[in-house]
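For reference, the structure discussed in these notes is given below.
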Amino acid sequence: MERDRGAEDAEDDGGGHDRRAGVDRLQALADLRAGRTGRLSVRYFATVGSTLVAPALARLRAAHPGVRVDLRLTDPEDPFEEVARGRADLAVVVQAPGRAGDGFRLVHLLDDPYAAVLPLGHPLAARGCADLHELSGEQWVGSEPPGPCLEPVIDSCAAAGFSPDFVIQSEDHATAQGFVAAGLGVGLMPELGLRSRHPGVVVRPVRNPVRSA
């Protein structure tokens, strides 16, 4: 299973709420693309910071050392507001249904599959893959705040015929892995959030997000 539309890059195309600001930002982006010096304001969400944004920024600096980048962490719920109000030139976002015609240009970057995170010794840990419906009777550790990152988990579990029983809530993948390692529940986490894995967990791909008849 994957985040519905993966991470996307949103730029204001000049047709947003402030047309003058949109034109200015487009000119700034044109300067950057032409190799001229300038300033680029970027918003991103936590999971893609070290895995996607940092390498891209390093390549940008190597190619255009005169460009100054204003890079800030933002809430993935609605980072479009930062772009629309002129506080950012572009934003890396999770999913974007219905926003492509709202004065933004969307560029698909990647899909981020979710995987089951299990404690060592869990019955499913010995298998190469886990069926999602097999986790229906488990206690769960949440790793996402309400919003577009949590929605794929809720929706996929619903398709498999159950609602996850979250007994512990965490908004940090490293902390959530610690709770799983302690045997307090299982989790479903995006692979970008599992680059640094806790030694006390086993990660398995998930298949069949539909309950068997």
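When the criteria are applied in full, residue 199 meets the requirement of being modelled with pLDDT of 95 or more and in a loop (DSSP other than H, G, I, E, B).
For the criterion of being assigned to a strand (DSSP E or B) and out of contact with any His (no Cβ under 8 Å at 6 or more places or on another chain), residue 154 fails. Selection of segment 126-150 for residues being more than 17 Å from residue 176 (Cβ to Cβ) and in a helix (DSSP H, G or I) yields 126, 132, 133, 134.
For segment 37-57, what are the residues that are under 23 Å from residue 149 (Cα atoms) and in a helix (DSSP H, G or I)? Result: 47, 48, 49, 50, 51, 52, 53, 54, 55, 56. Annotation note: Cβ proximity below 7 Å between a residue of segment 152-165 that is on the phi > 0 side of the Ramachandran plot and a residue that is surrounded by fewer than 19 Cβ atoms within 10 Å (Cβ to Cβ) and assigned to a loop (DSSP other than H, G, I, E, B) (sequence gap 6+ or interchain) occurs for 161/136; 161/211.
Only one of the numbered conditions (1) out of contact with any strand residue (DSSP E or B) (no Cβ under 6 Å at 6 or more places or on another chain); (2) farther than 18 Å from residue 203 by Cα; (3) modelled with pLDDT of 90 or more is violated by residue 167, and that is (1). When segment 110-122 is limited to residues that are buried (at least 20 other Cβ atoms within 10 Å of the Cβ) and touching a Gly at 6+ places or on another chain (Cβ under 7 Å), the one that is modelled with the lowest pLDDT turns out to be 112. Selection of segment 140-182 for residues being within 13 Å of residue 46 (Cβ to Cβ) and acidic (Asp, Glu) yields 144, 171, 172. Just give me the residues in segment 147-179 being under 18 Å from the mean Cα position of the chain (by Cα), buried (at least 19 other Cβ atoms within 10 Å of the Cβ) and of a type in the set (Gly, Ala, Ser), in sequence order. Answer for segment 147-179, where residues must be under 18 Å from the mean Cα position of the chain (by Cα), buried (at least 19 other Cβ atoms within 10 Å of the Cβ) and of a type in the set (Gly, Ala, Ser): 156, 170, 176. From the list 138, 144, the one residue that fits, being surrounded by 14 or more Cβ atoms within 10 Å (Cβ to Cβ) and more than 20 Å from the chain's Cα centre (by Cα), is 138.
In segment 71-109, of all residues being in a strand (DSSP E or B) and more than 16 Å from residue 48 (Cα to Cα), the one that is modelled with the lowest pLDDT corresponds to 104.
The values are calculated or read from the model by the stated rules, or taken from the named source; none is laboratory data. For clarity, every value in this text was computed on a predicted model and none was experimentally measured. Positions of Cβ are backbone-derived with ideal geometry, glycine not excepted, and every protein chain shown enters the neighbour counts.
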